[in-house]
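Read through the structure below, which is laid out as structure tokens, and then see the notes.
Since every read-out is calculated from the coordinates, none of them should be taken as a lab result. Since the model is a prediction, treat every value here as computed from it, not as a measurement. Note that each Cβ is placed from the backbone with ideal geometry, even for glycine, and that neighbours are counted across all protein chains shown.
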Amino acid sequence: MSPTKIAVVSFPGFTVEKMMRANTSKWIKIEPLELEDLNKLSRYPLGLIRGHGVHISPEQLDQIREASEQGTRIYIADATNPEYNLTNFEGKALDYITDLMENKGSANFRSLFNYTRSQIDKKKLFLQPYGKAVILPDDYYFHMDDELVFDTIDAYEKYYREQGFYKKEPHVLPCSPET
């Protein structure tokens with residue numbers, strides 16, 4: 001019995017932190033991996049690599065290809081350079097993972113990690129469910145909990161009132177200029 005380890009490469013720190021918070025399984029480890037350490041990528045069942053705003057050298061691209069050939073599943077998010085199109089998922093799996101990654105959010109990251117343990121790493125024990133991707137609208141309002149998304153300000157205000165957060169009278173702070 002071993003944990004499922006997922007390599008994350010070139011994602012901003014706040015995204016990696018969000019991924020780590022979304023993970024609820026002790027049997028899944030999210031591990032940031034530097035571009036300089038891509039020779040270790042083949043040790044992971046899944047490598048998530050951000051291709052936007054990063055320079056991946058020809059040698060590093062070869063290391064990604066080699067990891068892919070050795071069985072590591074690769075997903076390149078936000079690839080802006082056609083040379084970075086090294087994602088090795090196809091069909092429904094590609095569509096599913098793309099939906100999860102493009103819509104981000106804790107629920108989607110959690111589903112991705114649980115899917116990885118079950119379907120990619122092929123573990124049979126200590127599995128947690130994964131669900132359909134939560135597709136976020138292009139424009140939305142959200143609360144502190146990123147799993148609460150509202151299409152309209154009216155929907156947000158309704159939630160705010162139902163939770164008892166809404167205060168009828170605004171707080172007024174008197175200010176006077178010093179003389």
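Around the amide H of LYS29, modelled in the peptide plane, lie the amide H atoms of THR4, LYS5, ILE6, all under 5 Å away and 5 or more residues distant in sequence or on another chain. Taken over the chain, lysine pairs spaced eight or more positions apart, or on distinct chains, with alpha carbons under 13 Å apart number 9. The stretch between THR152 and HIS52 holds 33.0 nm of extra length on full extension. This uses 0.36 nm per residue minus the Cα-Cα distance. The length gained by stretching the chain between ASP62 and THR24 to full extension, at 0.36 nm per residue less their Cα-Cα distance, is 10.4 nm. Relative contact order of the chain: 18 percent, from C-alpha pairs under 8 Å at least 6 residues apart in sequence. Karplus-based coupling profile of region 116-131, in residue order and whole Hz: 4, 4, 7, 9, 9, 7, 6, 6, 10, 10, 6, 8, 10, x, 10, x, with θ = phi - 60° in 6.51 cos²θ - 1.76 cosθ + 1.60 and x standing for Gly or Pro.
How big, on average over all directions, is the shadow cast by the Cα convex hull of the chain, in nm²? Projected over every direction and averaged, the Cα hull of the chain covers 16.0 nm². Remark: spin-label model distance PHE126-LYS40 equals 2.0 nm, labels positioned 7 Å along the Cα→Cβ axis. Simple spin-label estimate for SER2 and THR15 gives 2.7 nm between the two label positions (7 Å along the Cα-to-Cβ direction from each Cα). When each of the peptides 120-130, 23-33 is scored by the mean number of other C-beta atoms lying within 10 Å of its residues, the order from highest to lowest reads 23-33, 120-130. For ILE74, the residues 5 or more places off, or on other chains, whose built amide H falls under 5 Å of its own are GLY47, ASN88, PHE89. For region 53-148, just say rounded, prolate or oblate: build the C-alpha gyration tensor, square-root its eigenvalues into a ≥ b ≥ c, call rounded for a/c under 1.5, and beyond that prolate if a/b exceeds b/c, oblate if not. Here region 53-148 falls in the oblate category. Charged side chains reduced to their Cβ positions (Lys and Arg at +1, Asp and Glu at -1) give the chain a dipole of some 1060 debye around its Cα centre.
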